[in-house]
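Peer 1: Starting off with a structure, shown below.
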Amino acid sequence: MVIDVHNLNFSFGSGSLTQPVLKGIDLAIRKGEIVLMTGPSGSGKTTLLTIIGGLRQASNGSVVILGEQLVNSNEQTKVKIRRQTGYIFQQHNLLKSLTALQNVCMTLELQRDLTESERQYRAQQMLAAVGLEDRMHYFPEALSGGQRQRVSIARALAGRPKIILADEPTASLDRQSGHDAVEILKQLAKELNTTILLVTHDYRILDIADRVVELEDGFVKAVEKQE
Amino acid sequence: MSIVNTWYFPTRLAWRQLIHDRLKLVAAISGVLFACVLVFMQLGFKDALYASAASMPLKFDGDLFLIHQQSEAMWRPAQFERSELMRALGHPAVAEVAPLYLSLATFKALDTQVKRTLMVYGYDPDTDLLNVDAIKTKKHELRVKDTVLFDEYSRPEFGPVSNMLEAGQNRTEVNDYKVTILGVFQLGISFAADGNIVTSDLNFLRIFPNRSAEEIDVGVIRLQPGAFIPEIKEELRAHLNDFVKIYTYEEVLEHERLYWENAAPIGFIFNFGTIMGLIVGMVIVYQILFTEINNYRFEFATLKAMGYPHSYFIRMVFASAFILAILGFVPGLALSSSLYNLAESQIFIPMPMTLEKAVTVFVFILFMCTTAGSLAIHRLDSASPADMF
């Protein structure tokens with residue numbers, strides 16, 4: 001198992017203001033699996049995603065990612081998991097003062113064993129794979145919404161992460177560019193055998209999933225197998 | 001290798017973010033430049049002040065100097081008995097002693113007749129107390145009654161003395177006493193006196209009728225060749241009354257400099273100006289770094305989510321501060337150099353741009369920028385990757 005969540009509880013606030021968000025979540029995802037997570041607003045999808053990604057600290061239950069226990073973990077463990085995870089945000093979250101190519105390189109600069117030319121080469125390959133070979137030296141503000149999201153997919157995948165975590169990646173895109181983006185994501189992930197956990201409200205993209213998990217009020221409500 | 005790795009990437013990112021918004025970068029650089037010029041000018045004026053204040057004993061030709069302990073600075077000395085100086089002659093290592101008389105006096109400008117205050121040096125011309133060639137060559141003429149030599153580096157308000165002398169106009173009044181100007185020499189002015197004249201001891205007593213030959217301002221002692229000055233100084237010290245102080249040449253310069261630095265409020269004013277300049281510059285740089293971090297905090301949070309450690313962003317902030325320091329310092333140095341030249345031509349006080357001064361100011365500016373950086377760092381805490389989704 002790449003992601004193994006067991007009996008995870010999580011609350012915001014403290015004392016009488018405690019607001020439970022996750023109530024005993026169990027979720028296991030195998031290597032290479034593409035899992036979509038749906039559910040109404042406030043059901044705890046994003047919170048679960050941030051805990052799995054090592055961005056938020058949980059203190060109750062068990063969250064084992066790539067063999068590392070994240071519950072009550074230290075900063076180093078979380079940073080280690082973050083470096084093996086690619087994130088795709090609802091907003092593209094590209095660095096506006098860097099070109100598309102430089103943005104993708106930011107992921108690779110964490111890998112100190114690469115030379116500058118290797119980084120450039122891999123970033124160029126990745127941008128070509130998302131169909132942006134002629135937009136490499138554009139700044140984000142000169143790109144369309146769909147192009148920005150594809151740069152951010154390239155950025156997430158460039159470091160060859162073992163896990164991709166995506167939060168509503170199609171929310172700010174129109175139907176066609178949204179579908180193109182997740183299609184590229186799926187195709188590249190399958191090539192690299194990357195595990196994907198994708199939170200979405202967008203029922204138009206459910207077809208890319210191996211499995212759909214539905215969350216409601218902090219519980220896993222249903223698991224739909226797709227054949 | 002590891003230093004390159006840890007600093008190269010954050011510095012490059014800081015650089016890319018800084019040059020992305022040119023307008024803001026220009027504003028930031030102007031802030032540093034402003035502080036830079038301010039500090040350069042304060043230090044320049046301060047050093048010029050000390051240099052010119054200390055220029056009074058600079059040309060004194062002697063090994064040891066006696067000054068009354070009540071003399072705060074040489075431009076307003078307290079007198080002591082000439083016999084006190086003569087007592088030093090009893091020491092076998094002392095070759096000769098010479099009294100120096102000093103006083104401020106009014107000098108009537110040759111052209112405008114306006115009276116301004118200058119410093120009058122009086123000593124026996126044969127002793128060559130001031131090591132200035134133009135005075136030494138005129139020592140016989142100076143023996144004539146009511147003659148003086150004029151410092152041509154005096155402020156121009158005293159009139160174009162050199163030109164007037166060539167035109168044959170050489171009579172004026174010092175302390176309302178008519179004198180003849182024999183010629184000019186070059187000494188340089190100080191903050192205490194706008195000009196200088198040199199005359200013989202006898203003429204000095206004529207110009208200042210209420211002064212007596214027995215009351216001297218500075219006692220100059222010359223030792224036999226090869227004498228060990230600090231040792232002789234200690235031996236003489238034991239023979240002299242406590243109300244006179246004995247200084248070596250270096251100490252008498254230091255004594256003058258310390259007066260302007262501490263006793264006079266002027267040193268404080270310039271130090272205060274320097275500190276204010278640095279604080280204003282620091283606030284500007286802090287504001288710029290703070291807004292920068294604030295504007296980029298979502299990007300920082302994104303990078304944190306990607307696995308960048310907190311220390312990376314701290315290095316980035318310091319790299320930004322360092323870049324701003326350099327980009328502000330270089331034009332600041334150029335601008336200050338030309339302002340120094342302007343000041344030299346306007347106020348006739350030497351303001352050299354020395355390497356030492358440039359390094360000092362750069363260290364100040366660097367300190368200012370890194371302090372601003374460390375104050376702005378707390379804003380990084382607002383970049384939390386958990387809020388990114």
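Peer 1: Among the lysines, which fall within straight-line cross-link reach of B:Lys178, defined as a Cα-Cα distance under 26 Å, with same-chain neighbours fewer than 8 residues apart omitted?
Peer 2: By straight Cα distance, B:Lys178 reaches B:Lys108, B:Lys115, B:Lys136, B:Lys138, B:Lys139, B:Lys145.
Peer 1: Nearest 5 percent is fine: what portion of the DSSP beta bridges confined to chain A is antiparallel?
Peer 2: 55
Peer 1: Still on this structure: Calculate one ³J(HN,Hα) per residue across the stretch B:369-377 by plugging θ = phi - 60° into the Karplus curve 6.51 cos²θ - 1.76 cosθ + 1.60, and present them in order as whole Hz with x for glycine and proline.
Peer 2: 5, 6, 5, 4, x, 5, 6, 7, 4
Peer 1: Right, here's the next one. Residue farthest toward the positive end of the dipole of chain B, with Cβ of Lys/Arg at +1 and Asp/Glu at -1: which of B:Tyr312, B:Thr302, B:Thr112?
Peer 2: With unit charges placed on the Cβ atoms, the residue in question is B:Thr302.
Peer 1: Based on the Cα coordinates of the stretch A:37-86, what is the per residue volume of their convex hull in Å³?
Peer 2: 83
Peer 1: Compute a Gaussian network model of chain B, connecting alpha carbons closer than 10 Å, and tell me which residue from B:Ser154, B:Ser311, B:Ser337 fluctuates the most.
Peer 2: B:Ser311
Peer 1: Of the peptides B:155-165, B:272-282, A:94-104, B:231-241, how do they stack up when ordered by the mean number of other Cβ atoms within 10 Å, highest first?
Peer 2: Put in order of decreasing packing, that is A:94-104, B:272-282, B:155-165, B:231-241.
Peer 1: Where does the stretch A:161-224 land on Rg/Rh, using Cα atoms and the Kirkwood Rh?
Peer 2: 0.97
Peer 1: If I model a spin label as a point 7 Å beyond the Cα along the Cα-Cβ vector, how far apart are those points for A:Lys96 and B:Leu23 in nm?
Peer 2: Those two pseudo-labels are separated by 1.2 nm.
Peer 1: So, with +1 on the Cβ of K and R and -1 on the Cβ of D and E, and no other charges, what is the size of the charge dipole of the stretch A:78-166 about its Cα centre, to the nearest 20 debye?
Peer 2: Computed about the Cα centre, the dipole is about 500 debye.
Peer 1: Moving to a separate point now. Any chance you could list the semi-axes, whole Å, largest first, of the equivalent ellipsoid that the Cα gyration tensor gives for the stretch B:70-241, using √(5λ)?
Peer 2: 32, 16, 14
Peer 1: If you take each beta carbon of peptide B:335-343 and count the beta carbons of other chains within 10 angstrom, what is the mean?
Peer 2: The per-residue average across the peptide is 0.
Peer 1: List every residue whose amide H lies under 5 Å from the amide H of B:Gly183, counting only residues 5 or more places away in sequence or on a different chain, with H placed 1.01 Å from N in the peptide plane.
Peer 2: Distant-sequence amide H within range of B:Gly183: B:Phe150.
Peer 1: Mind checking which of B:Ile326, B:Cys369, A:Ile196 is farthest towards the positive end of the protein assembly as shown's charge dipole, using Cβ charges of +1 (Lys, Arg) and -1 (Asp, Glu) about the Cα centre?
Peer 2: Checked the options; the winner is A:Ile196.
Peer 1: Now for a different question. I'd like the mean, over residues of A:90-103, of how many other protein chain beta carbons sit within 10 Å of each residue's own Cβ.
Peer 2: If you average over the peptide's residues, the count of other-chain Cβ atoms is 4.
Peer 1: Can you tell me the 0 to 90 degree angle between the C-alpha axis of helix B:249-258 and the longest principal axis of chain B, rounded to 10?
Peer 2: 60
Peer 1: For the stretch B:140-193, what is the charge dipole size about the Cα centre, in debye to the nearest 20, if Lys and Arg each add +1 at the Cβ and Asp and Glu each add -1 at the Cβ?
Peer 2: 140
Peer 1: Pop a pseudo-label 7 angstrom from the Cα along the beta-carbon direction at both B:Ser384 and B:Asn341 and give the gap in nm to one decimal.
Peer 2: Output for this residue pair reads 5.7 nm.
Peer 1: Per 10 Å bin, what is the whole-percent P(r) computed from every C-alpha pair distance within the protein assembly as shown?
Peer 2: 3, 13, 17, 14, 10, 8, 8, 8, 9, 7, 3, 0, 0
Peer 1: Could you work out, residue by residue across B:18-29, how many beta carbons of other chains sit within 10 Å of that residue's beta carbon, and then give the average as an integer?
Peer 2: For this peptide, the per-residue mean of nearby foreign Cβ atoms is 1.
Peer 1: Follow-up question, since we're still on this one. Among B:Glu152, B:Glu214, B:Glu261, which one shows the highest mean-square fluctuation when chain B is modelled as a Gaussian network with alpha-carbon springs under 10 Å?
Peer 2: Between B:Glu152, B:Glu214, B:Glu261, it is B:Glu214 that shows the largest mean-square fluctuation.
Peer 1: Which one, B:Ile197, B:Phe80, B:Leu100, projects farthest toward the positive side of the charge dipole computed for the stretch B:70-241 from Cβ point charges (K/R +1, D/E -1)?
Peer 2: B:Ile197
Peer 1: If you don't mind, another one. Would you mind computing Rg(Cα) / (2.2 N^0.38 Å) for the stretch B:350-389, counting N as its residues?
Peer 2: It is 2.06.
Peer 1: Convex hull volume of the Cα atoms in chain B, per residue, in Å³?
Peer 2: Given the Cα convex hull of chain B, per-residue volume reads 189 Å³.
Peer 1: Restricting to the stretch B:70-241, compute how many DSSP beta bridges are antiparallel as a %, nearest 5.
Peer 2: Percent antiparallel among DSSP bridges in the stretch B:70-241 is about 75.
Peer 1: Give the Debye-formula value of log10 I(q)/I(0) at each listed q (0.18, 0.23 Å⁻¹), with one equal scatterer per alpha carbon of the stretch B:256-389, two decimals each.
Peer 2: -1.02, -1.32
Peer 1: If every alpha-carbon in chain A counts as one equal scatterer, what log10 I(q)/I(0) does Debye give at q = 0.10, 0.15 1/Å?
Peer 2: Here log10 of I(q) over I(0) equals -0.45, -0.99.
Peer 1: Let me ask something additional. Assign unit charges at the C-beta atoms only (+1 for Lys and Arg, -1 for Asp and Glu), then state the dipole size of the protein assembly as shown relative to its Cα centre in Debye, rounded to the nearest 20.
Peer 2: Value, rounded to 20: 2000 debye.
Since every read-out is calculated from the coordinates, none of them should be taken as a lab result. None of these values were measured; they are calculated from a predicted model. Every residue, glycine among them, receives a Cβ derived from its backbone with ideal geometry; neighbour counts consider all protein chains shown.
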